Amino acid sequence: MKPLSDGNVKRLLIRATNWVGDAVMTTPAIGVIREYFPQAEITLLANPIVAELFSPHAWVDRVIRFDRKGAHKGITGRLRLAAEVRKHSFDMVIVLPNSFDSALVPWLAGIPVRLGKNSDGRGLLLTRRYNPDKQTSKGHEVQYYLDLVRHFGITGQARDPQLTVTTQEEQQAASRLAQTGIEPQDFLIGINPGAAFGSAKRWYPERFAEVARRLAHEWNAKVVIFGGPGETDIAAAIEQELAGTCLNLAGKTTVRELMALIRRCNFFVTNDSGPMHIAAAVDVPLVAIFGSTDHTGTSPFTDKAVIVRKNVHCAPCKLRECPTDHRCMTEVTADDVVTAAQKLMGR
């Protein structure tokens, strides 16, 4: 395939993935795109949650937000979004998700060069297509996105996932923690008991609480609980188990605030989730508990992580809810997680 020329691409659009964790795993590929097109203005097209991750980001110049539940809902909304995108006169788009819808808007917007995976019946919407073999699809998601952009001749130095947290955001996080008695010198353990995809990915509140209690005692640490608006009940259960000796921020942070607060943590204990990938990207040591999902494809992309999982015959099932006895999670004990955390800190 003829390599793309940097000189011909002045305005480049990247259609972002739709989940926070997936979006973090695309950042190495975005870094390669940035390196290959150093003079181009790079714009990200993203939903409101993912848009926050990249507002700002070192490798992205601008973010366009779309809202499929609001202004861009349905066919009329997609046409409205396409008209908005068309105004920017993009030379090229790289479509990172695999869905038909993610390729439809760039096609409707008339972007002349449209790159993406040939999937979901959208081949005719793309001008250049990526057709990975079955073996390629079995690797890590980070590598998949790197392979996708390299297929089109976009090359550069591969990087680890990266997010940008500003100095002001760090200061605001420190101030917020200080108001509750958590000082900069305190060792801080972050607990993330939720997982937006579904309950099958979630370990149990009482076990998270036991891990938090034991590690906080051993490391003379303080504990902060994270979670989204739909995970406040889980966080409250942990807070109750810890008899209030923690800071519960579930449902009380924006994505940008979450990033800064996770970066402040000295250690992180989490399910497979978006915050897990955020912790990896901001270089926080972590233990991640995996059950229904495939750790080979979505594990935290860092050498400062340990995966805790059990080899049960039905995992990974990749289901939102467990149809049986949730053995992939019930067999993971607090001892397993504490031991993993101790070994990682010992390294």
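The values are calculated or read from the model by the stated rules, or taken from the named source; none is laboratory data. These numbers come from a predicted model, not from an experiment. Counting neighbours? That spans all protein chains shown, and the Cβs are built from the backbone with ideal geometry, glycine included. Calculation scope for accessible area: heavy atoms of the full protein, side chains included, ligands and nucleic acids excluded. Shrake-Rupley method; radii C 1.70, N 1.55, O 1.52, S 1.80 Å.
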Discussion item. Suppose each label sits 7 Å from its Cα in the direction of the beta carbon; what would the ASN266-LEU124 distance come out to in nanometres?
Written reply: 6.1 nm
Practice prompt. Note down the nm distance, to one decimal, between modelled labels 7 Å out along Cα→Cβ at THR333 and at SER55.
Written response: 4.7 nm
Worksheet item: Which FRET efficiency, nearest 0.05, do ASN98 and GLU206 yield, Cβ-Cβ r, R0 41 Å?
Response: 0.60
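When the accessible area of region 125-178 is computed with all protein chains present and a 1.4 Å probe, what percentage of it is carbon and sulfur?
Reported share for carbon and sulfur atoms: 43 percent.
Determine Rg/Rh for the chain; Rg is computed over alpha-carbon atoms and Rh is the Kirkwood hydrodynamic estimate from the same atoms. Present the calculation step by step, with values, prior to reporting the outcome.
Details: Rg = 20.9 Å, Rh = 21.2 Å.
Value, to two decimals: 0.99.
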Discussion item. Under a crude label model (7 Å from the Cα following the beta-carbon direction), how far is LYS304 from GLN185 in nanometres?
Written reply: 2.2 nm
Worksheet entry | Relative packing of 86-95, 179-188, which averages over residues the other C-beta atoms within 10 Å, highest first | 86-95, 179-188
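Pop out the Kirkwood hydrodynamic radius of region 22-111 from its pairwise C-alpha distances, inverse of mean 1/r, in Å to one decimal.
Evaluated over region 22-111, this radius sits at 13.7 Å.
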Worksheet, complete the sentence: Rounded to the nearest whole number, the per residue volume of the convex hull around the C-alpha atoms of region 201-244 in Å³ is 72 Å³
Worksheet entry | Accessible area in square angstrom per residue, the chain, 1.4 angstrom probe | 44 Å²
Fill in: Pairwise Cα inverse-distance average, inverted: Kirkwood Rh of region 223-321 (Å)
14.4 Å
Worksheet item: Counting Lys +1, Arg +1, Asp -1, Glu -1, what net charge surrounds ASP67 among other residues with beta carbon under 14 Å of its beta carbon?
Response: +3
Item to complete: Pick out, from ALA178, ALA195, TYR144, the residue whose Cα sits farthest towards the positive end of the charge dipole of region 125-196, with +1 on the Cβ of Lys and Arg and -1 on the Cβ of Asp and Glu.
Response: TYR144
Item to complete: Taking the Cβ of GLU169 as the centre, find all other residues whose Cβ is under 11 Å away and add up their charges (Lys, Arg: +1; Asp, Glu: -1).
Response: +2
Discussion item. Assuming 0.36 nm per residue, please report the length gained on full extension of the stretch THR254 to ARG347 beyond their Cα-Cα distance.
Written reply: 30.2 nm
Discussion item. Through the Karplus equation 6.51 cos²θ - 1.76 cosθ + 1.60, θ set to phi - 60°, convert the phi angles of region 294-300 into ³J(HN,Hα) values in whole Hz; use x for Gly and Pro.
Written reply: 8, 5, 5, x, 10, 5, x
Worksheet item: Which of the lysines could be linked to LYS10 by a straight reach, that is with a Cα gap under 19 Å, when you skip same-chain ones fewer than 8 residues away?
Response: LYS2, LYS87
Worksheet entry | Kirkwood Rh, angstrom, region 74-231 [1 / mean 1/r, Cα pairs] | 20.2 Å
Response to the item:
To the nearest 20 debye, region 206-264 has a Cα-centred charge dipole, built from +1 on Lys and Arg Cβ and -1 on Asp and Glu Cβ, of 340 debye
Practice prompt. Looking at the chain, send over the antiparallel percent of its DSSP beta bridges, to the nearest 5.
Written response: 5 percent
Fill in: Largest-first ellipsoid semi-axes for region 273-347, taking √(5λ) over the Cα gyration tensor eigenvalues, angstrom
22, 15, 9
Discussion item. Going by amide H atoms built from the backbone, whose H comes under 5 Å of the H on GLN162, apart from near neighbours?
Written reply: THR27
Response to the item:
Computed from the beta carbon distance with a Förster radius of 45 Å, FRET efficiency for ASN220 and LYS10 to the nearest 0.05 stands at 0.25
